[in-house]
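> Before we start, here is the structure in question, set down as structure tokens.
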Amino acid sequence: MKVNFECNLCGGKNGHTIPFRYAFKERFLWGVKCDQCELVSIWPRPSDQEIDEMYAEDYFAGSDKQTHHMEVSYLDILSSGDYKDGLKVIQKYCKTGNILDVGCATGNFLYVLKQNGYQVKGIELSSFAAEYGQKNFGIEIVNKPYAMNLLNAALPENHFDVILMGDVLEHFTDPTDAMRLTHKILKPGGVALIQLPGTLNLISSKIAFGIYKLIGSQKTMYIPPYHLTEFNAKTATKMFAHCGFSKTIITEEVKPPSTITLRGNFFENAFKVVFQFINYYLNKWFKVAGDRIIIETYK
């Protein structure tokens, strides 16, 4: 189905729906692929107020996989995390310096970095999470949307050595604007370390969408539309080049089959698990079709 919309990457006005949608607030929000650059966006976008409501306390404290990301609450996962490997990753890029974590949640990882001598700052849309991090860890967390109006107000230009964006870029209403801001506040030669989900890249997703098209149906999700943009390596690379980054390195990984979230019926879940095994070994052997996109992009 053809759709008139506005692609935030290339400015294209024409797209077509893919057989995927969210049922949200008594309306459907569709996955729309831009006819020009192929970026997939959820359209229409939810309002700013609806997005604020989506990331209230329940987003962090809730633990029902049918309505949240998983069966264990996000708050429990953050509190019990082992951040040693993350610290080693940062140390590869700089031994000391200024670190910004965009979408820092409750700031647990920033606290570890602070304890190891880094100057840290966080950005977090959720008031609950920002207040939690400020209270428990004494970290500066800016509780505002990550947007260009923060430039030289809360976020100095050419300031940060490393910017972290772990599973956050897909949540923004305008990820291209977010990456323009990221480029401006990085020091020359600085790096943004980004992780993105790539669920639509899976073989299971491609086959399922082909079946849905054939029978004239679609996959409907009944959780809030947390992911507003669906990336692959190609569209991510286009976005970073468009925003001025000089070099982008991308690797793809696949989550082990035992860790995937299953929200469908028995047949849907069985199909998903079987093809996750196939995808897992395809990625292991040939480094393709990943559902995790790991990125380093340099100013």
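> Out of contact with any His (no Cβ under 7 Å at 6 or more places or on another chain), of a type in the set (Ser, Thr, Tyr) and surrounded by fewer than 21 Cβ atoms within 10 Å (Cβ to Cβ), is that true of SER246?
yes
> Take the stretch 268-299 and flag every residue that is under 14 Å from THR199 (Cβ atoms) and among the polar types (S, T, N, Q).
GLN276, ASN279, ASN283
> Examine the stretch 31-51 for a residue that is in a loop (DSSP other than H, G, I, E, B), of a type in the set (Asp, Glu) and modelled with pLDDT under 90, and state whether such a residue exists.
No, the stretch 31-51 contains no residue that is in a loop (DSSP other than H, G, I, E, B), of a type in the set (Asp, Glu) and modelled with pLDDT under 90.
> If I filter the stretch 215-230 for residues that are more than 22 Å from the chain's Cα centre (by Cα), without any contact (Cβ under 8 Å) to a residue 24 or more places away in the chain and either farther than 18 Å from VAL168 by Cβ or surrounded by 15 or more Cβ atoms within 10 Å (Cβ to Cβ) (or both), do I get at least one hit? Steps first, please.
In the first step, residues of the stretch 215-230 are kept if they are more than 22 Å from the chain's Cα centre (by Cα); the result is 215-218.
Going one step further and asking which of them are without any contact (Cβ under 8 Å) to a residue 24 or more places away in the chain, we end up with 215-216.
Of the ones still in play, those that are also either farther than 18 Å from VAL168 by Cβ or surrounded by 15 or more Cβ atoms within 10 Å (Cβ to Cβ) (or both) are 215-216.
The answer is yes, given that some residue of the stretch 215-230 is more than 22 Å from the chain's Cα centre (by Cα), without any contact (Cβ under 8 Å) to a residue 24 or more places away in the chain and either farther than 18 Å from VAL168 by Cβ or surrounded by 15 or more Cβ atoms within 10 Å (Cβ to Cβ) (or both).
> Among what's in the stretch 285-299 and is modelled with pLDDT of 95 or more and not aliphatic (A, V, I, L, M), pick the residue that is farthest from LEU181 (Cα to Cα).
GLU296
> Related question: Could you count how many residues in the stretch 1-30 are closer than 22 Å to MET221 by Cα and either in a strand (DSSP E or B) or in contact with a Pro (Cβ under 8 Å, 6 or more places away or on another chain) (or both)?
Of the residues in the stretch 1-30, 18 are closer than 22 Å to MET221 by Cα and either in a strand (DSSP E or B) or in contact with a Pro (Cβ under 8 Å, 6 or more places away or on another chain) (or both).
> Assess whether LYS284 counts as being over 22 Å from the mean Cα position of the chain (by Cα) and not β-branched (Val, Ile, Thr).
Yes; evaluated as a whole, the condition is true for this residue.
> Another question about this same structure. Taking THR248, is it modelled with pLDDT of 95 or more, under 20 Å from the mean Cα position of the chain (by Cα), hydroxyl-bearing (Ser, Thr, Tyr) and not in a helix (DSSP H, G or I)? Walk me through how you get there before you give the answer.
Working: modelled with pLDDT of 95 or more: yes; under 20 Å from the mean Cα position of the chain (by Cα): yes; hydroxyl-bearing (Ser, Thr, Tyr): yes; not in a helix (DSSP H, G or I): yes.
Against the criterion (modelled with pLDDT of 95 or more, under 20 Å from the mean Cα position of the chain (by Cα), hydroxyl-bearing (Ser, Thr, Tyr) and not in a helix (DSSP H, G or I)), THR248 qualifies.
> Something else now. Can you find a residue that is among the polar types (S, T, N, Q) and within 20 Å of LEU113 (Cβ to Cβ) anywhere in the stretch 178-188?
First, pick out the residues of the stretch 178-188 that are among the polar types (S, T, N, Q): 182.
Narrowing further to those that are within 20 Å of LEU113 (Cβ to Cβ): 182.
Yes; the residues of the stretch 178-188 include at least one that is among the polar types (S, T, N, Q) and within 20 Å of LEU113 (Cβ to Cβ).
> Here's a check for you: in the stretch 53-75, which residue that is hydrophobic (A, V, I, L, M, F, W, C) and in a loop (DSSP other than H, G, I, E, B) is modelled with the lowest pLDDT?
MET70
> Quick check on the stretch 98-112. Is at least one of its residues farther than 23 Å from THR261 by Cα, modelled with pLDDT of 80 or more and surrounded by fewer than 17 Cβ atoms within 10 Å (Cβ to Cβ)?
No.
> Determine, yes or no, whether LEU155 is touching a helix residue (DSSP H, G or I) at 6+ places or on another chain (Cβ under 6 Å), of a type outside the set (Phe, Trp, Tyr) and under 24 Å from VAL112 (Cα atoms). Give the steps one after another, and end with the answer.
Numbers: touching a helix residue (DSSP H, G or I) at 6+ places or on another chain (Cβ under 6 Å): yes; of a type outside the set (Phe, Trp, Tyr): yes; under 24 Å from VAL112 (Cα atoms): yes.
Here the answer is yes, as LEU155 does meet what is asked.
> Limited to the stretch 92-119, what total is found for residues that are assigned to a helix (DSSP H, G or I) and touching a residue at least 12 places away in the same chain (Cβ under 8 Å)?
Total meeting the criteria: 8.
> Additional query: Can you find a residue in the stretch 121-137 that is more than 19 Å from ASP85 (Cβ to Cβ), touching a residue at least 40 places away in the same chain (Cβ under 8 Å) and not in a helix (DSSP H, G or I)?
yes
> Looking only at residues in the stretch 76-90 that are of a type in the set (D, E, K, R) and assigned to a helix (DSSP H, G or I), which one is modelled with the lowest pLDDT?
ASP76
The values are calculated or read from the model by the stated rules, or taken from the named source; none is laboratory data. Quick caveat, the model's predicted, so the values are computed rather than measured. Here Cβ is always computed from backbone atoms with ideal geometry, including for glycine, and neighbour counts include all displayed protein chains.
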